[in-house]
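A short write-up of the structure that comes next.
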Ligand code: ADP
């Protein structure tokens, strides 16, 4: 594994006058005007600030004003006012703003990516996935919203006489709590369908990555969405989360399973819905007929994209006995050939972890596995020479159930290899544990892999690909089974979670009661006869 360490400043965000509080040791100094323009988008009146640090050097990048619970309440007042007007805006007009956002995202991608890399420390190629995903989401929902949201005719109880329509009514204001791992994508992607469906949003991005989320809010403004429609608040989850849930008509959360349970409990108290996209311990299966080069290349992306800080990334690889050695040789070689570094340029195959807490968690898993007898086939070390929180892409063999990384999510660049003898056993082991987010299968025989996929208890299964094939297919639902979540983002499900279906039934001629002096008993007999006829006619 080679290291590259040449910082390459770029974009409009670097190089201007600095924040007076800036740390002189910082490698990157954000333009103060640029930061002010972003932070002025916040509802935050506490007078307190907190630092956002760059994981590239550990030094503060900017100071973010902190919100109070009263700011959250004010955000809801503004959002509700804006939503009342927005709900009357035709869907075509909302969609046109979404397509302008699409173009803005593509035009401004260099700036977006610079900020994501500075704030998260990820490799530039992984940062590119973020504007890409938002552009895909904006286009998909802009082009489908009218179809999904349009009033739909349904069958009435009495054919010809009962006219039934279903309207999709916006829920109101959606609270979105998003994580740091995809700071731009996760802050925006669930909100776009919410806006198209006629809702407003109050967003609480993770404290560590506020700038990327605020840039997203600014781009929405530039695309022509009313500014008050998208409120942003800042602060620690346990402090700002409860008032955020208190004010919301629906909550959308992406993060850990532990926090997801807390949020689901608070939503249940208020009888509001929520969607939760949570953790995973995602399996990848290499069947004996797999193309091993393709599987090894896929396994590198599956395990080390975004330094493994990705809900759908692979942490367990099950390989058929017959091809185990040949697969492992290729996988290790490709991993060792990766270019490692935490810099702004395109050269790195993997960036750094985001924080000291992430470094501690990942190294604890590696150290525990090694202490209990696991073998390190690649990586295994922290690399302070590349960044304060850098950990090498790590492949482990001989991982057993008493090791923490066997069943617990590492959320880092650490993957364990296991052999299997028969496929049913591989599927059973892939299904062990409580998670059920994403799986991958590599095989020449697509039909056989697809039939195996039906037995895997995961919300998505990718065949001959790690996760991108399902994740980027916006017309298909994305989410977790079991402890990996509740509800789905993307597709029809991803927009209709933000609406209340409202049934409007118009009855003609017939009344649902005896007519013309008919007795209740005769009416019951007539209805019974009708039911028998309807069944014979094959009606639903
Ligand atoms: P991680 O442990 O990886 O940081 P979390 O699930 O704790 O993941 O964080 C994801 C998001 O949830 C962040 O925006 C965080 O601020 C927020 N959060 C954390 N705790 C709570 C809470 N009790 N209520 C609401 N939001 C929370």
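The values are calculated or read from the model by the stated rules, or taken from the named source; none is laboratory data. Please read these numbers as outputs of a predicted model, since none were measured by experiment. Positions of Cβ are generated from backbone atoms using ideal geometry, with glycine treated the same way; all protein chains shown enter the neighbour counts.
Of the residues screened, residue 146 is one that is assigned by TED's automatic domain parsing to the domain that holds residue 105, more than 16 Å from the ligand (Cβ to nearest atom) and outside any strand (DSSP E or B).
Yes or no: residue 203 in contact with a strand residue (DSSP E or B) (Cβ under 8 Å, 6 or more places away or on another chain) and either surrounded by fewer than 24 Cβ atoms within 10 Å (Cβ to Cβ) or assigned to a strand (DSSP E or B) (or both)? Please lay out each step first, then the result.
Values: in contact with a strand residue (DSSP E or B) (Cβ under 8 Å, 6 or more places away or on another chain): yes; either surrounded by fewer than 24 Cβ atoms within 10 Å (Cβ to Cβ) or assigned to a strand (DSSP E or B) (or both): yes.
Considered against the rule, which asks whether it is in contact with a strand residue (DSSP E or B) (Cβ under 8 Å, 6 or more places away or on another chain) and either surrounded by fewer than 24 Cβ atoms within 10 Å (Cβ to Cβ) or assigned to a strand (DSSP E or B) (or both), residue 203 comes out as yes.
Yes or no, residue by residue, for (1) in a loop (DSSP other than H, G, I, E, B); (2) away from the ligand (no atom under 11 Å from the Cβ); (3) surrounded by fewer than 23 Cβ atoms within 10 Å (Cβ to Cβ):
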{"position": "276", "(1), (2), (3)": "no, no, no"}
{"position": "312", "(1), (2), (3)": "yes, yes, no"}
{"position": "325", "(1), (2), (3)": "no, yes, yes"}
{"position": "330", "(1), (2), (3)": "no, yes, yes"}
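Within segment 113-126, none of the residues are surrounded by fewer than 18 Cβ atoms within 10 Å (Cβ to Cβ), assigned to a helix (DSSP H, G or I) and touching a helix residue (DSSP H, G or I) at 6+ places or on another chain (Cβ under 8 Å).
With respect to (1) out of contact with any helix residue (DSSP H, G or I) (no Cβ under 8 Å at 6 or more places or on another chain); (2) within 16 Å of the ligand (Cβ to nearest atom), the lone exception for residue 426 is condition (2). Evaluating residue 262 against the criteria (1) part of a loop (DSSP other than H, G, I, E, B); (2) within 10 Å of the ligand (Cβ to nearest atom) leaves one unmet condition, (1). Among the residues of segment 375-391, those that are in contact (Cβ under 8 Å) with a residue 24 or more places away in the chain and surrounded by fewer than 23 Cβ atoms within 10 Å (Cβ to Cβ) comprise 377, 378, 383, 385, 388. Taking residue 201, is it within 16 Å of the ligand (Cβ to nearest atom) and farther than 30 Å from residue 412 by Cα? It is true that residue 201 is within 16 Å of the ligand (Cβ to nearest atom) and farther than 30 Å from residue 412 by Cα. Among the residues of segment 437-460, the ones that are more than 16 Å from residue 424 (Cα to Cα) and in a strand (DSSP E or B) come to 2 in all.
Across segment 163-190, the qualifying residues are those that are within 14 Å of the ligand (Cβ to nearest atom) and over 24 Å from residue 305 (Cα atoms), and the one among them that is surrounded by the fewest Cβ atoms within 10 Å (Cβ to Cβ) is 176. Taken over segment 488-509, residues that are in contact with a strand residue (DSSP E or B) (Cβ under 8 Å, 6 or more places away or on another chain), part of a loop (DSSP other than H, G, I, E, B) and either more than 30 Å from residue 201 (Cβ to Cβ) or free of Cβ contacts under 8 Å to residues at least 24 places away in the same chain (or both) amount to 1. Yes or no: residue 194 touching a helix residue (DSSP H, G or I) at 6+ places or on another chain (Cβ under 6 Å) and either within 10 Å of the ligand (Cβ to nearest atom) or over 30 Å from residue 58 (Cα atoms) (or both)? No: the conditions fail for residue 194. When residue 242 is tested against (1) more than 22 Å from residue 265 (Cβ to Cβ); (2) over 15 Å from the mean Cα position of the chain (by Cα), only condition (1) is not met.
The number of residues in segment 232-259 that are surrounded by 21 or more Cβ atoms within 10 Å (Cβ to Cβ), near the ligand (Cβ under 6 Å from one of its atoms) and not in a helix (DSSP H, G or I) comes to 1.
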